[in-house]
Amino acid sequence: AKQQGREGLAIYENHLERRATYRSQVETRMRLALEQGAFELHYQPLVRTQDTNRIAGAEALLRWHDKELGTIPPDEFIDVAEETGLIVPLGDWVLEQACRDLAAWRAEGLHIPRVSVNVSGHQLLDDRLPRTLAQALKRHGLPPTAIELEITETTLMEREKGSLPLLQQLRDLGVGIAVDDFGTGYSSLSKIKHLPVTVLKIDRSFIQDIFTDDNDKAIIIAIVAMAHQLQLRTVAEGVETPEQLAFLRDNGCDLSQGYLHSRPCSATALRDLLRAAPRD
Ligand code: C2E
Ligand code: CA
Ligand code: CA
Ligand code: CA
């Protein structure tokens with residue numbers, strides 16, 4: 001048993017070592033990718049549940065294909081970016097690129113009400129964020145209502161006290177603020193009420209289980225009712241079937257996002273979708 005324990009420990013140490021090596025590789029390649037402009041933004045449309053031909057917005061999602069490491073999913077490299085602080089320059093790039101893409105679509109006469117950009121916890125510690133965002137909007141001639149920031153419920157709850165002034169500054173600029181992955185972070189109605197937010201994005205896990213878990217049905221109905229009392233818009237994420245969409249529409253959820261409507265696509269592909277969509 002002793003022998004086995006020692007082996008287990010060795011395997012574990014080996015695992016940690018490999019993991020650390022991988023992380024530092026990702027970090028090195030990420031710095032290079034930032035310098036060389038190797039990151040890309042893809043976009044996933046948000047549509048109205050009442051009329052899914054209408055594109056009400058799009059979420060910007062980072063994509064990275066590295067020549068040495070291959071394609072790395074954002075969940076993975078965002079973690080490393082957070083730990084190393086690289087998320088700050090990367091996040092600045094995302095804001096700049098989203099504004100640039102949006103301005104290009106508008107210059108072409110294409111209509112899209114807003115683009116949502118994910119903001120991670122570390123970025124909310126950087127008090128330059130409101131100015132960086134204001135400058136990007138100005139540079140591209142965009143009104144603040146064109147941008148919505150998505151912050152996860154967990155981040156909002158963890159950072160509640162510390163980042164409230166920054167959050168308020170962002171909101172005062174006029175940009176929208178969405179609570180991402182809502183329902184997973186155990187926040188209470190009274191806490192949400194005091195945050196300067198404009199949108200609740202119902203986490204994908206609830207949408208997935210609509211027809212297998214009666215609790216999830218009840219939770220979605222309660223979230224939508226609560227959101228509307230607080231005058232917040234509701235978005236359902238991860239909508240994959242027409243039945244899920246029908247349930248969300250019938251229960252008053254405003255917007256829907258998911259593979260049912262479109263997978264995240266390149267900026268060019270989103271432009272083509274906008275060209276084909278009826279005007280809002
Ligand atoms: P998220 O913000 O919750 O983004 C939604 C994720 O769900 C995206 O994964 C999207 O591709 C995926 N998705 C959309 N519709 C469906 C569906 O119908 N079914 C399923 N199964 N999945 C769907 P993705 O692009 O891999 O991004 C993962 C996470 O990485 C994001 O989760 C977000 O937390 C983070 N992320 C992505 N881009 C950025 C960024 O620019 N900045 C920051 N800070 N985080 C980002
Ligand atoms: Ca998001
Ligand atoms: Ca989400
Ligand atoms: Ca998520």
*FRET E, pair Asp250, Arg106, Förster distance 41 Å, beta-carbon r, rounded to 0.05*: 0.75
*the stretch 182-280: Rg/Rh from Cα coordinates, Kirkwood Rh?*
1.01
*Computed helical MRE - 222 nm, the chain, DSSP H runs ≥ 4 contributing -39500 (n - 2.57), nearest 500*: -16000 deg cm²/dmol
*With every protein chain present, what is the per residue accessible area of the stretch 1-89 (1.4 Å probe, Å²)?*
62 Å²
*asked:* Rounded to the nearest percent, how much of the accessible area of the chain (1.4 Å probe, protein heavy atoms only) is carbon and sulfur?
replied: 49 percent
*Could the peptides 78-84, 149-155 be put in order, highest first, of the mean number of other beta-carbon atoms found within 10 Å of their residues?*
149-155, 78-84
*asked:* What do you get for trypsin sites (Lys or Arg not before Pro) in the stretch 60-114 restricted to DSSP loop and a cutoff of at most 14 other Cβ within 10 Å of the site's Cβ?
replied: Lys67
*Which three extents, in whole angstrom, do the alpha-carbon atoms of the stretch 129-230 cover along their principal axes, largest first?*
48, 28, 22
*Between the alpha-carbon centers of the stretch 18-71 and the stretch 130-160, tell me the distance in whole angstrom.*
18 Å
*Could you state how much accessible area Leu32 has, in square angstrom rounded to the nearest 10, with a 1.4 Å probe and all protein chains kept in place?*
60 Å²
*Report the accessible area of Cys265, computed with a 1.4 Å probe over the heavy atoms of all protein chains in place, in Å² rounded to the nearest 10.*
20 Å²
*Using the beta-carbon distance between Arg19 and Ala134 and R0 = 41 Å, what value does 1/(1 + (r/R0)^6) give for FRET efficiency, to the nearest 0.05?*
0.60
*Specify, per residue and in Å³, the volume enclosed by the convex hull of the alpha carbon atoms belonging to the chain.*
164 Å³
*For the chain, share of DSSP beta bridges that run antiparallel, in % to the nearest 5*: 40 percent
*Show Lys201, Lys217, Lys138 ordered by accessible area, largest first, where the area counts protein heavy atoms only and the probe is 1.4 Å.*
Lys138, Lys217, Lys201
*Find how much the distance from Arg31 to Ile221 grows on full extension, using 0.36 nm per residue of separation minus their present alpha carbon separation; answer in nm with one decimal.*
64.0 nm
*So for the chain, taking the charge dipole from beta-carbon charges (+1 Lys/Arg, -1 Asp/Glu), which of His194, Gly238, Pro74 sits furthest toward the positive end?*
His194
*Can you give the extra length, in nm with one decimal, that the chain gains between Glu76 and Phe211 once fully stretched, where that is 0.36 nm per residue apart less the Cα-Cα distance?*
45.6 nm
_Accessible area per residue, Å², the stretch 106-158 with all protein chains present, probe 1.4 Å_ = 44 Å²
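The values are calculated or read from the model by the stated rules, or taken from the named source; none is laboratory data. Remember, it's a predicted structure, so these values are computed and weren't measured experimentally. Positions of Cβ are generated from backbone atoms using ideal geometry, with glycine treated the same way; all protein chains shown enter the neighbour counts. The protein model used for the area step is the full one, side chains on, heavy atoms only, and it has no ligands, DNA or RNA in it. Shrake-Rupley method; radii C 1.70, N 1.55, O 1.52, S 1.80 Å.
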